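What follows is a single structure, written as structure tokens, with notes after it.
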Amino acid sequence: MARILTGVQASGRPHLGNILGAIHPAVQLSQNPENESFLFIADLHSMTSIKDSATLIDNTKAVASSWLAFGFDAEKNYFYRQSRLAGYHTELMWYLSCLTPYPMLANAHSFKDKSDKLSDVNAGLFTYPVLQAADIILYQANFVPVGKDQKQHLEMSKDMAEVFNRTYGEVFTLPEPMIDENSMVIPGIDGNKMSKSYHNFIDVFLPENELYKVVKKIVTDATPLEEPKDPDTCIVYKLFALVADEASVSTMRNNFLNGGYGYGHAKKELFEVLWKKYEKERELFNFYMSNNEALEAKLKMGEARAELIARETITEVRNKLGFIS
Ligand code: ADP
Ligand code: TRP
């Protein structure tokens, strides 16, 4: 039995890139009976950039609702908000902070990057990797699926667990990252990587006419309708190939190559697939977004179960530190 744990920031409604690149693979992993999955919403981490509580609450709801909509089984696994177990996470974070050399944090790529770009360079950004390490080792995770950008944070987490074990005695499992080097990059409607920060994303939970409007905005070239087109350079085709069935993809490919088929036709087909494919998920998402009690019930149950594990680890840690009398 392996413990797989990952955190997602409370950054709002996930888009098609998040769904195909992160939610789908993680839900699949969690369905393997050999694994025990821990999935939490890193709302404390999101505070490094979001200073408005209403936005943070809304984003947390949207992230939680979409994971449930895409089939994450909150009863079999562990599903929780980091803030509801903040006592455990931040207590461990403090202990780890006292074992972490200042230059290790000062030289972290992500901190250097953010401190160059952002006007709000707060201490939370600086200690971000320590909280992340606490998130992971508190639950004795074996594997942590993350994007390539998180590689250094994972190395630091393992380092902190090792230093603690060496200094006070064995408590922590050493976590290993799971990074899919070949993971696909889903293009956005302008052809760049789909991202919230580039405002080029497709939100599959949108109502019908709004979803169609976004699909119609996908950038294409000016090849006239009657001329043959290259499917491999067309964003509409690339996105269609990711979500449609094989037969429809090959039909669209031939349509492109044969000519007499416009980008408007392709966009309509893409919209129709997106609308139908995610019908069930859209309904579930809307259900959780408008039924706060149902969502709270799932999260509270997850939080109660996660707390048992967090408490067990913290008790062991306090014992090693001599803080239990
Ligand atoms: P955004 O760039 O929209 O802010 P995040 O950085 O919050 O997205 O991404 C969360 C996770 O979703 C990432 O770790 C990555 O696995 C996945 N992801 C985001 N954008 C894409 C994309 N365009 N293609 C594939 N996966 C993506
Ligand atoms: N830093 C991660 C991100 O921005 C989110 C995160 C917080 C996380 N704690 C974690 C990821 C623990 C994995 C494990 O994507």
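Summary table
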| quantity | calculated |
| --- | --- |
| Among the residues listed as Thr173, Thr127, the single one being at pLDDT 95 or above, β-branched (Val, Ile, Thr) and closer than 20 Å to Cys98 by Cβ | Thr127 |
| Segment 176-195 residues that are assigned by TED's automatic domain parsing to the domain that holds Lys151 and under 22 Å from Ala141 (Cα atoms), paired with ones that are within 11 Å of ligand 1 (Cβ to nearest atom) and not hydrophobic (A, V, I, L, M, F, W, C) (beta carbon under 6 Å, 6 or more apart) | Met178/Pro145; Ile179/Lys148 |
| Inter-residue pairs, beta-carbon under 6 Å, first within 18 Å of Met47 (Cα to Cα) and in the same structural domain as Thr48 (by TED's automatic domain parsing) and in segment 101-126, second assigned to a helix (DSSP H, G or I) and open to solvent by 50 Å² or more (accessible area, probe 1.4 Å), 6+ apart | Leu125/Lys114 |
| Residue within segment 150-169 that is modelled with pLDDT under 95 and in contact with a helix residue (DSSP H, G or I) (Cβ under 7 Å, 6 or more places away or on another chain) present | no |
| Among (1) touching an Asp or Glu at 6+ places or on another chain (Cβ under 8 Å); (2) open to solvent by less than 10 Å² (accessible area, probe 1.4 Å); (3) part of a strand (DSSP E or B), the one test that Gly7 misses | (2) |
| Residue in segment 130-155 that is least open to solvent (accessible area, probe 1.4 Å), counting only those that are without any contact (Cβ under 8 Å) to a residue 60 or more places away in the chain and within 7 Å of ligand 2 (Cβ to nearest atom) | His153 |
| Test result for Val214, free of Cβ contacts under 8 Å to residues at least 40 places away in the same chain, part of a loop (DSSP other than H, G, I, E, B) and within 16 Å of ligand 1 (Cβ to nearest atom) | no |
| Hits in segment 162-210 - residues which are part of a loop (DSSP other than H, G, I, E, B), more than 15 Å from ligand 1 (Cβ to nearest atom) and not small (Gly, Ala, Ser) | Glu170, Val171, Phe172, Thr173, Leu174, Pro175, Leu206, Pro207 |
| Given (1) closer than 22 Å to Tyr102 by Cα; (2) without any contact (Cβ under 8 Å) to a residue 60 or more places away in the chain; (3) surrounded by fewer than 19 Cβ atoms within 10 Å (Cβ to Cβ), index of the condition Tyr168 fails | (2) |
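Every residue, every condition in (1) away from ligand 1 (no atom under 14 Å from the Cβ); (2) closer than 20 Å to Ser197 by Cα; (3) open to solvent by less than 20 Å² (accessible area, probe 1.4 Å), yes or no:
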{"position": "Leu39", "(1), (2), (3)": "no, no, yes"}
{"position": "Ser46", "(1), (2), (3)": "no, yes, yes"}
{"position": "Lys51", "(1), (2), (3)": "yes, yes, no"}
{"position": "Ala69", "(1), (2), (3)": "yes, no, yes"}
{"position": "Glu75", "(1), (2), (3)": "yes, no, no"}
{"position": "Thr90", "(1), (2), (3)": "yes, no, no"}
{"position": "Leu99", "(1), (2), (3)": "yes, no, no"}
{"position": "Tyr102", "(1), (2), (3)": "yes, no, no"}
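Matching residues to (1) among the hydrophobic types (A, V, I, L, M, F, W, C); (2) touching a residue at least 40 places away in the same chain (Cβ under 8 Å):
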position: Lys229; (1), (2): no, no
position: Val236; (1), (2): yes, no
position: Phe240; (1), (2): yes, no
position: Asn258; (1), (2): no, no
position: Tyr261; (1), (2): no, no
position: Phe271; (1), (2): yes, yes
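The values are calculated or read from the model by the stated rules, or taken from the named source; none is laboratory data. Every value quoted in this text rests on a predicted model; they were computed, and no experiment measured them. Please note: Cβ atoms are built from the backbone with ideal geometry, for glycine as well, and neighbour counts cover all protein chains shown. Please note that ligands, DNA and RNA were not included when accessible areas were found on the heavy atoms of the full protein model with its side chains. Shrake-Rupley method; radii C 1.70, N 1.55, O 1.52, S 1.80 Å.
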